[in-house]
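Visitor: Please find one structure pasted underneath; my questions will follow.
Laboratory data are not the source of any read-out in this text; all were calculated from the coordinates shown. Only a predicted model underlies this, so the values are computations on that prediction, with no experimental measurement involved. In this analysis, Cβ positions are derived from the backbone assuming ideal geometry, glycine residues included, and neighbour counts consider all displayed protein chains.
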Amino acid sequence: MNPSSQGSPGSMVSDYMHREIKTISADASLREAGQAMADNRVGALLVVRGQEYVGIISEKRLTREGMAKGLNPETTQVQSIMRPEPIGIEGDRSVKEAQAMMKTRGVRHLVVTEKGKIVGMVAISDLIRFYSDFFDESQS
């Protein structure tokens with residue numbers, strides 16, 4: 001995190017994103033996706049086919065589109081319930097813009113791009129860290 005922008009209202013998404021992108025194959029089972037999220041302590045995975053990003057699967061989607069609908073987690077593939085086009089935001093956009101986009105689109109994770117290329121991911125929990133930094137700083 002860039003200390004000079006920590007907590008400031010103009011903080012950029014790139015200051016709070018995770019650059020290490022966790023992925024799973026489109027052919028993986030829902031159980032494997034859930035296990036990968038648990039192992040990596042993340043709430044979403046980018047879905048890959050070969051070297052290409054083809055979607056995103058989140059805990060929310062796994063629960064609502066998979067488990068709640070009674071899909072077999074051992075045989076159902078990630079590609080059957082993934083969001084095929086991850087919602088993205090450029091890293092130089094403000095954290096407030098990311099929060100507004102999440103609210104408007106009803107998502108908890110955004111892919112972060114630089115010149116159209118995926119370079120990381122930002123989650124609602126990262127935005128909570130931003131607001132926590134902001135309020136801690138303003139009370140000092």
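Visitor: Determine, for the chain, the count of lysine pairs separated by eight or more sequence positions (or lying on different chains) whose alpha-carbon distance falls under 19 Å.
Guide: For the chain, qualifying lysine pairs total 4.
Visitor: How big is the charge dipole of the chain about its Cα centre, in debye rounded to the nearest 20, if each Lys and Arg gets +1 on its Cβ and each Asp and Glu gets -1 on its Cβ? The partial results should precede the final answer.
Guide: Working: 18 positive and 18 negative charges, 88 e Å.
With only Lys, Arg, Asp and Glu charged at Cβ, the dipole is about 420 debye.
Visitor: Ok, one more. Against the longest principal axis of the chain, how steep is helix 95-105, in degrees 0 to 90 to the nearest 10, with axes from Cα atoms?
Guide: 40 degrees
Visitor: Using just the alpha carbons, could you tell me how many Å³ per residue the convex hull of segment 89-129 encloses?
Guide: About 62 Å³ per residue, rounded to a whole number.
Visitor: Name the GluC sites (Glu not before Pro) in segment 28-117 that are in a loop by DSSP and that have at most 15 other C-beta atoms within 10 Å, would you?
Guide: GLU74
Visitor: If you line up the long axis of helix 30-40 against the longest principal axis of the chain, both from Cα atoms, how many degrees apart are they, to the nearest 10?
Guide: Helix 30-40 sits roughly 30 degrees off the main axis of the chain.
Visitor: Rounded to the nearest 500 deg cm²/dmol, what is the calculated helix-only ellipticity per residue at 222 nm for the chain, with -39500 (n - 2.57) per DSSP H run of length n ≥ 4?
Guide: On the way: 3 runs with 37 residues, N = 140.
-8500 deg cm²/dmol, from helical runs alone.
Visitor: Nearest 5 percent is fine: what portion of the DSSP beta bridges confined to segment 9-138 is antiparallel?
Guide: Working: 16 of 22 bridges.
Of all bridge pairs located within segment 9-138, approximately 75 percent are antiparallel.
Visitor: Relative contact order for segment 9-138: what is it in percent, counting Cα pairs under 8 Å that are at least 6 residues apart?
Guide: Values: 207 pairs, mean separation 38.6, N = 130.
30 percent.
Visitor: For the chain, what is the Kirkwood estimate of the hydrodynamic radius, computed as the reciprocal of the mean inverse distance between distinct Cα atoms, to one decimal in Å?
Guide: Result for the chain, one decimal place: 15.7 Å.
Visitor: Using 0.36 nm per residue, how much length does the chain from ALA68 to ILE87 gain when fully extended, once their Cα-Cα distance is taken away?
Guide: Fully extending the segment from ALA68 to ILE87 adds 4.5 nm.
Visitor: Another question, then. Could you tell me how many degrees, from 0 to 90 and to the nearest 10, lie between the Cα long axis of helix 124-138 and the main elongation axis, the longest principal axis, of the Cα atoms of the chain?
Guide: 10 degrees
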